[in-house]
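Colleague: Please see the structure below; I have some questions.
The values are calculated or read from the model by the stated rules, or taken from the named source; none is laboratory data. From a predicted model like this one, the values you see are computed outputs, not experimental measurements. Cβ coordinates were reconstructed from backbone atoms using ideal geometry, including for glycine residues, and neighbour counts include every protein chain displayed. For the accessible areas, the whole protein counts, side chains as well, though only heavy atoms, and no ligand, DNA or RNA atoms are used. Shrake-Rupley method; radii C 1.70, N 1.55, O 1.52, S 1.80 Å.
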Amino acid sequence: MHATPYHIAARPKAPAWCRYALQRGLPRLLVIAALLSPPAFAQSSSPEASAVQAVLDQYKQAIERLDATGTERLFSSDSTIFESGAREGTYAQYLAHHLGPELKQFSSFRFSNYRASVRVENGLALANEAYDYAITTKAGETVQRRGVATSVLKKVAGGWRILVLHTSSRKPPAAK
C-alpha cells in the first residue's frame, strides 16, 4: 500500500470512503467534518422523529424534577426495562421497586451534554441517547456518571410509547 496524506488509508478503522477521499486529495478538514457530523437519521427532522424525541424529553424532564408521576403513559404496558446489566421488568415494576424509591433519596438530578438520535421505520422508532448526569442525594453525596440509553418505541393510537429501555452508566474519565 502506498503512503497517503495523514496515513489514514493505512489504518484499518478508517471507513473506506474516508480513505478514498483522502487519496483523491479531499481536504482533511472536510473529511474530519464529515466524520464528526451525526448520521442523517440523527437529525430528527421528521414530525415522527420529533414526536419520539418529545417522549424521551418528557421522561428526562420527569427524572430531573424527581417526580415520575404520569410517566407510565410514556411506556407501553408490556414494556421491558434493562438497567446496567439487570432486567428490571415492566416500567410499572421498575417504577415501583427501583426508580420511584430511588428518586425519593435524591435532592437533585441533572443531565448535561445530552445527545440523541432517532430513527423511525415501519411503526417503530430506535433512539440512542448519550449524556452525563449528576445526582445529589439528600445525605449530600454527589455522584457523577456518563450514561447511554437505547430505546425502542412503538406507535400506538395515542402516540409513541417506549417498548424497551436499556440504560447503562459508568464513572466519567478522571480529569487531566
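Colleague: Would you list the strands (runs of 3 or more DSSP E) that sit entirely within the stretch 59-176 and hold 1 or more residues that are under 30 Å from residue 45 (Cα atoms), modelled with pLDDT of 95 or more and of a type in the set (Val, Ile, Thr)?
Modeller: In the stretch 59-176, the matching strands (runs of 3 or more DSSP E) lie at 75-83, 106-121, 142-156, 159-170.
Colleague: Does residue 92 satisfy the condition of being small (Gly, Ala, Ser), touching a Gly at 6+ places or on another chain (Cβ under 8 Å) and within 22 Å of residue 158 (Cα to Cα)?
Modeller: So residue 92 fails the test.
Colleague: Every residue in the stretch 143-160 that is within 17 Å of residue 88 (Cβ to Cβ) and open to solvent by 60 Å² or more (accessible area, probe 1.4 Å), please.
Modeller: Result: 148, 150.
Colleague: Here is a further query. Filter the stretch 77-89 for residues that are buried (at least 18 other Cβ atoms within 10 Å of the Cβ) and closer than 23 Å to residue 157 by Cα and give the result.
Modeller: Once the filter is applied, which keeps residues that are buried (at least 18 other Cβ atoms within 10 Å of the Cβ) and closer than 23 Å to residue 157 by Cα, the stretch 77-89 yields 79, 80, 81.
Colleague: Also, quick follow-up: Looking at the stretch 90-107, which of its residues are among the hydroxyl-bearing types (Ser, Thr, Tyr) and open to solvent by 30 Å² or more (accessible area, probe 1.4 Å)?
Modeller: Selection gives 90, 107.
Colleague: Another question about this same structure. Among the residues of the stretch 108-133, which ones are surrounded by fewer than 17 Cβ atoms within 10 Å (Cβ to Cβ), hydrophobic (A, V, I, L, M, F, W, C) and farther than 20 Å from residue 69 by Cβ?
Modeller: Within the stretch 108-133, 124, 126, 130 meet the criteria.
Colleague: Tell me yes or no: at least one residue of the stretch 135-142 is surrounded by 14 or more Cβ atoms within 10 Å (Cβ to Cβ) and either within 26 Å of residue 73 (Cα to Cα) or within 16 Å of the chain's Cα centre (by Cα) (or both).
Modeller: yes
Colleague: In the set 139, 125, which member is of a type outside the set (Ser, Thr, Tyr) and touching a helix residue (DSSP H, G or I) at 6+ places or on another chain (Cβ under 6 Å)?
Modeller: Checking each option against the conditions leaves just 125.
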